[in-house]
Amino acid sequence: MKIVITGAGQVGGTLAEHLAGEANDISVIDTNDHRLRELQDRLDIRTVYGMASHPDVLIRAGIEDADMLVAVTSSDEINMASCQVAYSLFRTPTKIARIRDRSYTDDKVRERLFSDANCPVDFLITPEQVVTDYIFRLIEQPGSLQVIDFAEGLIQLVAVRAFKGGPLVGHELRLLRKHMPKVDARVAAIFRRDRPIFPQGDTVIEEGDEVFFIAAKKDIRKVMGELRRLENSYQRIVIAGGGNIGYRLAKALEKQYNIKIIEFSEERCQYISERLDKTIVLNGSATDQDLLLEENIERSDVFLALTNDDEVNIMASLLAKRLGARKVMTLINNPVYADLVQGGEIDIAISPQQATTSILLSHVRRGDTVKAHSLRRGAAEAMEIVVHGDSKTSKVVSRTIEEIKSPPGVTLAALVRDGEVIIAHHDTVVKNNDHAIVFVVDKRRTREVEKLFAVGFTFF
């Protein structure tokens, strides 16, 4: 595909990095010459200096025959203007824009504003809401490292750390069905000391393994109990930072959990306290030891550091953990920091650009890809693909899982058929219109996966 990305920041740069190695023609526009040179040195892409909404700049980036424009600058207005120019002058087929301000994303405004007749944006990405949803799922499944919904929440892919004492730790995977005869699940991948292991029936789970498994949402807790001691549901949550993410998360959680927000700005405290119903809003610094002790941090189930400053988030998280917080999750923009701290005293490092990139990937993938999620800092990918065709036009339809010639390191883990979750086993038959959940250990294989699910022209 030929893709023009406007904005070379964390999101635009991460997306370019994901797509450049997949034989895509990528152009990135930005007014930061230093950032463009940095990307050009690392990636095989075209970079263009200039204002992203200017027609002449877009032309230099190749918009005239581009398949897609992804507008992810820091300005909502520039992103919207870029999409307008791309549509009005060049009829670019797909236009995606990052829109952050709530005045644009309000449901009533959004429905009326974003259309070909008004502001021609095909898909809106709101990073704060994406990250909020990501954290919400982690809160829903205590003990998980990552939780991804597929088929509108019917089925989930969950990553957990296998702990000593778990029933399956030290045993072969084939025992999973014997342990849980009434629950169907599939281990999609195992990462051991950061190296992927393709799971087989005789694969032995070791302590410390990062295990990705897939199951119906209602069965997730039972499967987690096989790999680690189940954690009690969270009750008391402390959020450091009352910005857009902290505020949205508190709004989503306050009916079910006891929430406290620590916010440094007195003005912001006033604003969010007037708009939250049950959340306690505290004015102060999340790195203030006396404040944390006064608020009984040792009794909190989760401490979430969600300010816009990586260093503050890391220091506040380390302090909260030392003072007795049961679980610590930290928002970190710098990927180098994220890799350094996760797994130590910080339980989960949350990368906003990775979460946002995952949302964008589903629009980039060929075929009828409903969702595509980046995993393990972009090394792996999980995809939800709608199957089309028949036995003559498709390489997967009317075939058993055993008969399908999947690329190395690719697991067809589950199907959703007419609202029913079907965990894939060797004799499971794939049918037309199934939603296939595919795990790709090496994302460089995604093009091969797209070809596997491609439909011959005779089907149409």
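Quick look at the values:
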| item | result |
| --- | --- |
| Hz values of 3J(HN,Hα) by residue in the stretch 313-323 - Karplus curve (6.51, -1.76, 1.60), Gly and Pro given as x | 4, 5, 5, 5, 5, 4, 5, 4, 5, 4, 8 |
| Residue (of Ile237, Val223, Ile197) at the positive-pole extreme of the stretch 197-268, dipole from beta-carbon charges | Ile237 |
| Lys, Arg +1 and Asp, Glu -1 on Cβ, resulting dipole of the stretch 1-133 about Cα centre, debye, nearest 20 | 180 debye |
| Spatial separation of Cα centroids for the stretch 79-111 and the stretch 117-145, in angstrom | 18 Å |
| Which of Ala316, Val455, Leu375, positive extreme of dipole for the chain (C-beta unit charges) | Val455 |
| Relative contact order for the stretch 1-125, counting Cα pairs under 8 Å that sit 6 or more residues apart, in percent | 22 percent |
| Along the chain, longest interval not containing exposed GluC sites (Glu not before Pro), exposed being DSSP loop plus at most 13 other Cβ atoms within 10 Å | 1-206 |
| The stretch 316-332 versus the stretch 337-412: alpha-carbon centroid distance in Å | 30 Å |
| Charge context of Arg60, other residues only, Cβ under 15 angstrom, K/R +1, D/E -1 | -4 |
| Where trypsin sites (Lys or Arg not before Pro) fall in DSSP loop in the stretch 64-145, at most 12 other Cβ within 10 Å | Arg91 |
| Beta bridges by DSSP in the chain, antiparallel share as percent, to the nearest 5 | 55 percent |
| Stretchable slack from Ser398 to Arg42, in nm (0.36 nm times residue separation minus alpha-carbon distance) | 123.8 nm |
| Total formal charge among the other residues, if their Cβ is under 12 angstrom from that of Ile422, Lys/Arg +1 and Asp/Glu -1 | -2 |
| Proximal lysines to Lys108, defined as alpha-carbon separation beneath 27 angstrom and excluding residues fewer than eight positions away on the same chain | Lys95, Lys251, Lys255, Lys278, Lys371 |
| Relative contact order %, the chain, counting alpha carbon pairs below 8 Å whose residues are six or more apart | 10 percent |
| Most positive-pole-ward Cα, Ser88, Ser75, Met51, against dipole of the stretch 44-104 from beta carbon charges | Ser75 |
| Around Val449: net Lys/Arg minus Asp/Glu count, Cβ-Cβ under 14 Å | +3 |
| Helix-derived mean residue ellipticity, 222 nm - over the chain, DSSP H n ≥ 4, -39500 (n - 2.57), to 500 | -9000 deg cm²/dmol |
| Over the stretch 393-460, relative contact order from alpha-carbon pairs under 8 Å, at least 6 apart, % | 43 percent |
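Values quoted throughout were computed directly from the atomic coordinates according to the rules given, and no laboratory measurement underlies them. For clarity, every value in this text was computed on a predicted model and none was experimentally measured. Note that we place each Cβ from the backbone using ideal geometry, even for glycine, and neighbour counts take in every protein chain shown.
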